[in-house]
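See below for the structure under consideration.
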2 protein chains.
Amino acid sequence: MARFFFKSQDISGDGIHIRDVAHVRALRLRIGDELTLCDGAGTDFRCRLASLGADFALAEIAGQSPSRGEPSVRLSVFLAYAKGERLEYAVQKCVELGAAEFFLFPSERTVSTPDGRALEKKLARLAAISESAAEQSGRGIIPDVSACESFESAVITAKSSDLPLFFYENEKNLTLRDAFSENSAPKSVAIVTGAEGGFTPVEAAIATQHGLRSVSLGARILRCDTAPIAAAAAVMYITGNM
Amino acid sequence: MARFFFKSQDISGDGIHIRDVAHVRALRLRIGDELTLCDGAGTDFRCRLASLGADFALAEIAGQSPSRGEPSVRLSVFLAYAKGERLEYAVQKCVELGAAEFFLFPSERTVSTPDGRALEKKLARLAAISESAAEQSGRGIIPDVSACESFESAVITAKSSDLPLFFYENEKNLTLRDAFSENSAPKSVAIVTGAEGGFTPVEAAIATQHGLRSVSLGARILRCDTAPIAAAAAVMYITGNM
């Protein structure tokens, strides 16, 4: 069924005004067709298309229920800046898997850290990817994408999660399973993954000093866009959300 | 450390001849530098670059050991034909995660099934992606990519695995966890995922008639390139390989 996000100011006494009229037309929806409108705060509205003009579309509300696409765990994904396409791919896939929010950060092995106008543009592009992945996968929220100023500020933000995990290629002892056996039912999990080339020993030391758990993703070397997706999938599996 | 695959005919009394001389030069390797050469059959050779010419490169063998990048479970990945880029992503990521082999197959919702020359080209391109992902991630084998003639032949091939899993969007009962609780230590696992739009009820019926376990990947709708990656990551986690 067609699915759109709306903003609270789009609701009126008549129903919900859909902003993306072009999308409604592209899907060839007709008057009376059912569709789901989500408020982006975890509630789905079951609707019927009530009227459709050249530049407006109005949906009549038939009922509401909590969005089924929200996992029981709050997953925050921290991504070191990497080449554009890799970040985009990681954000899209992690939204589908159930991530709640994203933070980008610079790391020692980051090749280039965007700032000013370039950063604004990157955040806007990733926000659009997040919204479309959320719509397509049936999420109840649109995960935010924001930027941390430094590696350390990313680590400090991550540590407010119940279980903050730092994925480090040189970690030989602790596995994801070990980390979850120490804290088996976290309400929130953070995953922090590196750029091409991973993290440096100094960064790993800073992360563990702040209380992050340094964990391995196994014997194979994962690319910087594969690691967050694999970690997100495993977290969703472990917490009973997949 | 630099890592290459070689073929058995590349070994001589002097050492191992590296075919991809351009790659050796691109990595700026010098005489005496250490590198790993893998036979593609699970053995790594610790080597030193012994000589390097315009069109040849020879490595001296210093020792050998089993490749550390091979998981304990044999994972076969069955992918319905999808748009080119999506298959390429899925193959690259699943090789990094430890897949042993790939089978492509047509399904009812496949938009276009390549044959003849187009199929040959697609298989060659995916084989090259598999090889480079295997090299980069430290695998001990290069996973094969081949094609099944029909949906049913894919299902029949999949069922030779100890635990053949069919990922079906409309499956509401069985989860991945349930499937593994019935068979907790499979030596081989097959994962079968659909094209854009997933599988039809008729296909799901055929798969379960053949003994495949129809399982869900959770409440969120995953794209056709996300599902195999998420399933592969979960299988590697469950079997203690991640």
Could you list, in their original order, any pairs among A:159/A:187; A:93/B:83; A:122/B:121; A:159/B:172 whose Cα atoms are separated by more than 25 Å?
A:122/B:121; A:159/B:172
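Starting from the Cα gyration tensor of the range B:104-192, take the square roots of the eigenvalues, sort them a ≥ b ≥ c, and report rounded, prolate or oblate (rounded when a/c is under 1.5, otherwise prolate if a/b is larger than b/c, else oblate).
Oblate shape, in that a/c is at least 1.5 and b/c is the bigger or equal ratio.
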For the range B:2-8, 3J(HN,Hα) per residue [Karplus equation, 6.51 cos²θ - 1.76 cosθ + 1.60, θ = phi - 60°, Hz, x = Gly/Pro]
4, 9, 9, 8, 9, 9, 4
If I take every Cα pair under 8 Å that is 6 or more residues apart in chain A, average their sequence separation and divide by the length, what percent do I get for the relative contact order?
20
Cα gyration tensor shape for the range A:187-242, rounded if a/c is under 1.5, else prolate or oblate
oblate
Collect residues whose amide H, placed 1.01 Å from N in the peptide plane, falls under 5 Å from the amide H of residue B:70; neighbours closer than 5 in sequence don't count.
B:140
Tell me which trypsin sites (Lys or Arg not before Pro) from the range A:151-242 have a DSSP coil assignment and no more than 16 other beta carbons within 10 Å of their own.
A:159, A:172, A:187
Using amide H atoms built in the peptide plane, which far-off residues or other-chain residues are under 5 Å from residue B:38 H to H?
B:4, B:5, B:6, B:45
Taking the dipole of chain B about the Cα centre (Lys, Arg +1; Asp, Glu -1; charges at Cβ), the one of B:175, B:205, B:154 that reaches farthest to the positive side is B:175
Along each of its three principal axes, how wide is the spread of alpha-carbon positions in chain B, in whole angstrom units, largest first?
60, 40, 28
Alpha carbon centre of the range A:61-140 versus the range B:45-84: separation in Å?
34
Would you kindly calculate the translational diffusion coefficient of the range B:53-168, applying Stokes-Einstein with the Kirkwood radius from alpha carbon pairs, for 4 °C and a viscosity of 1.567 mPa s, and quote it in µm² s⁻¹ without decimals?
83
Point me to the residue of chain A whose C-beta lies closest to the A-onto-B rotation axis, rounding the distance to whole angstrom.
A:233, 2
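Sort B:192-200, A:193-201 by packing, meaning the average of other beta carbons within 10 Å per residue, with the highest value first.
Working: B:192-200: 22.6, A:193-201: 20.0.
Put in order of decreasing packing, that is B:192-200, A:193-201.
If you take the square roots of the eigenvalues of the alpha-carbon gyration tensor of the protein assembly as shown and sort them as a ≥ b ≥ c, do you get rounded (a/c under 1.5), prolate (a/b over b/c) or oblate?
Prolate, because a/c is 1.5 or more and a/b exceeds b/c.
Any idea what the dipole of the range B:3-66 comes to, in debye rounded to 20, about its Cα centre with Lys/Arg Cβ at +1 and Asp/Glu Cβ at -1?
Once rounded to the nearest 20, the dipole reads 200 debye.
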Output the antiparallel fraction of DSSP beta bridges having both residues in chain B, as a percent to the nearest 5.
40
Tally Lys and Arg at +1 and Asp and Glu at -1 over the other residues with C-beta under 13 Å from the C-beta of residue B:63: what net charge comes out?
-1
Other residues with Cβ under 13 Å from the Cβ of residue B:160 give, with Lys and Arg +1 and Asp and Glu -1, a net charge of +1
Roughly how crowded by other chains is peptide B:231-238, in terms of the mean Cβ count from those chains within 10 Å of each of its Cβ atoms?
6
Within chain A: Cβ-based charge dipole about Cα centre, in debye rounded to nearest 20 (Lys, Arg +1; Asp, Glu -1)
420
What does the average come to when, for each residue of peptide B:173-180, you count the partner chain Cβ atoms lying within 10 Å of its Cβ?
1
Which whole-Hz couplings ³J(HN,Hα) result when phi for each residue of the range A:25-31 is put into the Karplus expression 6.51 cos²θ - 1.76 cosθ + 1.60, θ = phi - 60°, listed in order with x for Gly and Pro?
5, 4, 7, 6, 6, 10, 3
Using a cut-off of 15 Å between beta-carbons, work out the net charge of the residues near residue A:195 (Lys and Arg +1, Asp and Glu -1, residue A:195 not included).
-2
Counting partner chain Cβ atoms within 10 Å of every residue's Cβ in B:95-101, what's the average?
3
Amide H contacts under 5 Å for residue B:215, placed H, 5+ residues apart:
B:166, B:167, B:168
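Throughout, read-outs are computed from the coordinates displayed, never taken from laboratory work. No experiment lies behind these values; they were computed from the predicted model shown. Don't worry about glycine lacking a Cβ; one is built from the backbone with ideal geometry, like all the others, and counts go over all protein chains shown.
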